[in-house]
Structures are given as structure tokens and as C-alpha cells.
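First the structure, in the form of C-alpha cells, and then the observations on it.
Values quoted throughout were computed directly from the atomic coordinates according to the rules given, and no laboratory measurement underlies them. These figures come from a predicted structure and were not determined experimentally. Don't worry about glycine lacking a Cβ; one is built from the backbone with ideal geometry, like all the others, and counts go over all protein chains shown.
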Amino acid sequence: MKTGKNISIILIFILLFSGVFSVKAASGGDNNGPIHGKVVKIESQGDKNSQRFSNVDVKIISGRLKGKTVTVQNFVGGKIKDENSSTQSFVKVGDEVLINVDKYDKNGNVEKAYIYEIVRYKYLYKLGIFFILLLIIIGGKKGLKSVITLAITGIMVLKILIPLVIQGFNPVIVSSVICMLAIVINLVIIGGKNEKTLAAIIGTSGGVLIAGAITIFSNSIIRVNGLTDDQMQSIIYTAQNSNFDFQGLLFAGIIMGALGAVMDVSISIASSVKEIEEAKPDITVKELMKSGMNVGKDIMGTMANTLILAYVGGAMYIMIMVSSYSYSTSITTAVDQDVIASEILKALAGSIGLIFAIPITTAVAALLVKRYREKMQGISEAEK
């Protein structure tokens, strides 16, 4: 019976995500964005010495022009503007692509178009479904809770935080509120309503707030925003909003980036403290704190590495830039660059917040679980 229930849950998730993805895939079209097509032939015309300037025939497979074939340049990511440039990618027969139409003729047929991108979303959606199924199959009930919390966090970021920031709301306030809500909701769903969860909530909130405070204080001195001029102009142009608080966006990015790691550390320590207390009910608060800190010290090194490596992995181009600078100038000059300094601030502020979360969670968890034990003992004695 239980196995059948688990299978039903898995099938529901498959159908849910398949339905969402199908709607997404079908929602594009002639008037709503790029047209979906498939490369059926690479033409021989163009520069004989380079496939870069050859044309391709693309058969349209969605929208009102479905079934028709258009000829476009074999170039992904826009139109060829510099014939000496070969930095973009090229398609081959069988690739599915998205076509942007520049111009229609008087009969409504495509007169001028170009390849916008190779279709990637299908494979990314499949990988996402695989990830969700693994969580549910291997993690069981806990895995299902993880999927739910992941969905809630995603909705809060994509449907609340981002729209409010685009509309001009203060990123510091918005991201702080979203983080606090995410901490409470996620930890309650995963850990339930108990003293362990409360300790993890307090510890996570403390660590994230400390990371945010360090960010604000440090940035008042070093004054970075983490973006190049081109990136800032692109955001302003795309969002149609010239009043962006880019330093506020940096703050939001730092606390959101630190949230996951700090939450992981806090719930691990709170769970460990609770387990220790249950295994040895007569342990004192001081001994419990000492044991919790020993656990925290073991976690601290690996999680700090995890956080810093996550930032490094997400900004590999920054590392290349640092290395490139070091050949021609000093490392100090490289670190002084805005985009590099901001990445270092992200890693350090998040890691410091994580470290502070350990003693906060340990102290709160030890006090709460011992108080709960004493309360239960008092009730038991009263009943006797």
C-alpha cells in the first residue's frame, strides 16, 4: 500500500512537470517570441573556406508557419556583424533551433530571419525531472519534502523577489523578507514544529543577517556592485527601469547565496544536539553546547569550502581574469577590480555568516532541548 502511494506521488509529479513543460514549449510562436524549427540541410553556398558563412534550411515545426522551410545563416546567437569573428556556435543537421523573424513579406511568409538559439530547454527539463525523481525515490518522504521546499523557494524568488526588484522596490528589504520567509517555511516543512526546528530557524536567521550586515558595512567602504558597465546597461534596458539599486542587488545575491549553506549547517547542528541529548538525557547544557560545537567545527571547514567553491564555480571567468592580470600586473591591482572585489566579498561575507551560525544554533538548540526535557519531566511528575 505504501509502495503504491509512493508510485502515485511520483506519477503525479511526472504529469505535473510534463504538463508545465509542454505548455512552456507550446507557448512560443510567431507573435510571442522565437519560432521553433529543425535544421534539415546545410547549404553549400557561402565562404568556401569556412562553414561559418554557409546557410542552413530550417523546417518550422510550431506555429502558423508549421511545415514551411526557411533559409537562414548558420550562426547561433544573432546576426553576423563582424566577419572576422568566430566566437559563436554553429548548428548541424538535426539540431532543433529557435528562429527570430525580422521581416515578413506581404503574404505573411518569412522574408528575413536568423537563428536565435539552439533548443536546450527540452534536455534541461528532462534533467530537472530526473533530479526530482531521484529526490523522491531515494529520499522518500524527506525527498518529497525537499521537492516541495525547492518549489516554494523557486516561486518566492521568481514570482515575488525578482518582479518586486524590477518594479523598483528596495532589494535589501525585499530579499531580507524573502529569506526570512524561506527559512521558516522550509525548515518547518523539513523538520516539523519542534525545538530542533526553532533552533535551526534562529541560527540560520542569525547567520544570514550577519552576512548581510557585513555586506552592507563592507560595501559602504569598498563600494562595488559586481557588474560591468555593459551588464548594468543591459539590465536597465531589458527591465525598462533606470532606478536600479545595483549595490542592493549585490546584497540580495550574497544573502540568497549564503542561505542554503547556512540553513544546511544550522539544521545539521540542531539535529545533532537533539540526538546527543536524547542519547544522554542527564547531560548538562554546558556539556551539550561543547558537544554541539565539536560537531559544528567538523562541519564548518567543509561547508566553508563548499560555499567558497560554489562562488568560484559560478564565477570561473573571474578566476581567469585574476590569473590574466597577475601576469601583467600585481595581484593587488587585480583584486581591486569591481567584479573581482565583489566576488571576494560574496564568498567572505557568506562564509563569515556561516561560521557565526554554528555557535548561535548550538547555544539555542542546547537551551531549547534541555528546557523541553525539563518541561516533559515536570509534566510527568505532576501526573504521578
_Distance between modelled label sites at residue 285 and residue 320, nm, 7 Å Cα→Cβ extension_ = 5.5
*By how many nm would the segment from residue 129 to residue 106 lengthen if fully extended, with 0.36 nm per residue of separation less the alpha-carbon distance?*
4.0 nm
*asked:* Starting from 0.36 nm per residue, how many nanometres of slack lie between residue 339 and residue 376 once their C-alpha separation is accounted for?
replied: 7.9 nm
*Modelled label-to-label distance, residue 169 and residue 309, 7 Å Cα→beta-carbon offset: nm?*
3.6
*Label residue 155 and residue 275 with points 7 Å out from Cα along Cα→Cβ: what is the distance between them in nm?*
3.2
*Taking a 29 Å limit on the Cα-Cα distance, which of the listed pairs 141/286; 142/274; 41/103; 59/159 fall beyond it?*
141/286; 59/159
